[in-house]
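Novice: Before anything else, here's the structure in question.
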Amino acid sequence: MLKGMFFVCLSLSLWTAGSSLSCRWMQHKFQQFSKHSLDLIDTMANNSTNTTVDAGVGFPYRLYTKTSKASAEDRLHFLVQILKEMVVLFEEDTSNASWEENIEENFLQFLTRQEQGLRSCIGTHKKENRKLHRYFQRLSSHVLKKMDHSAEAWELIRNKMKTHLVRADLLACSLLTN
């Protein structure tokens with residue numbers, strides 16, 4: 001299902017090469033990097049434990065909904081911040097995580113390259129979304145720290161980050177189709 005969604009987004013991005021968003025990186029590279037990031041986070045799951053605990057930090061659906069109605073530049077800033085916040089989160093102590101370190105390193109490299117590529121599409125530096133930042137801080141304190149950075153805590157984080165990547169991809173596709 002996810003692969004089908006990416007092919008649709010990729011097709012739309014190629015079809016809308018003349019869209020109002022005039023960022024070549026976004027039009028030609030974002031989907032490729034997004035797909036690799038999702039593949040890597042899925043690979044991390046193959047080596048990890050399964051868990052059903054939620055730890056009380058829900059997903060910020062309202063922030064995504066609000067952002068989806070914002071200007072193209074605001075959506076790009078939001079995407080950049082998501083990727084930046086994910087990298088910061090994964091820079092915490094992952095020694096208990098059950099995935100291989102080299103997979104995590106590759107994943108973080110792809111996230112960083114996506115962030116840099118998107119950052120090249122936006123002009124001025126804008127203030128970060130405080131609600132999004134606080135959400136990621138809660139993940140750190142309410143999930144990782146309270147659960148001692150355990151494998152189970154990291155699996156919760158990995159699942160949430162996968163959802164972020166899917167939602168970010170959909171938000172990026174909306175930029176290309178406007």
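Novice: Are there GluC sites (Glu not before Pro) in region 91-149 that DSSP puts in a loop and that have at most 14 other Cβ atoms within 10 Å, and which ones?
Specialist: Numbers: sites: E91, E92, E100, E101, E104, E105, E115, E128; in loops: E91, E92, E100, E128.
Passing sites in region 91-149 are E91, E100, E128.
Novice: A follow-up question, please. For region 87-178, which whole-number percentage of the solvent-accessible area (1.4 Å probe, protein heavy atoms only) is attributable to carbon and sulfur atoms? Walk me through the numbers on the way to the answer.
Specialist: Details: 2150 of 4610 Å².
Using a 1.4 Å probe with all protein chains present, region 87-178 comes out at 47 percent carbon and sulfur.
Novice: On a straight-distance basis, which lysines could pair with K84 in a cross-link, Cα separation under 21 angstrom, same-chain partners fewer than 8 positions away excluded?
Specialist: K84 reaches K29, K35, K66, K126, K127, K131, K145, K160, K162.
Novice: What whole-number value in Å² describes the accessible area per residue of region 65-178 for a 1.4 Å probe? Can you show the working numbers first?
Specialist: Numbers: 5500 Å² over 114 residues.
I get 48 Å² per residue for this part.
The values are calculated or read from the model by the stated rules, or taken from the named source; none is laboratory data. Only a predicted model underlies this, so the values are computations on that prediction, with no experimental measurement involved. Here the Cβ is made from the backbone with ideal geometry for all residues, glycine too, and neighbour counts use every protein chain on show. Side chains are part of the model used for accessible areas, which takes the heavy atoms of the whole protein and leaves out ligands, DNA and RNA. Shrake-Rupley method; radii C 1.70, N 1.55, O 1.52, S 1.80 Å.
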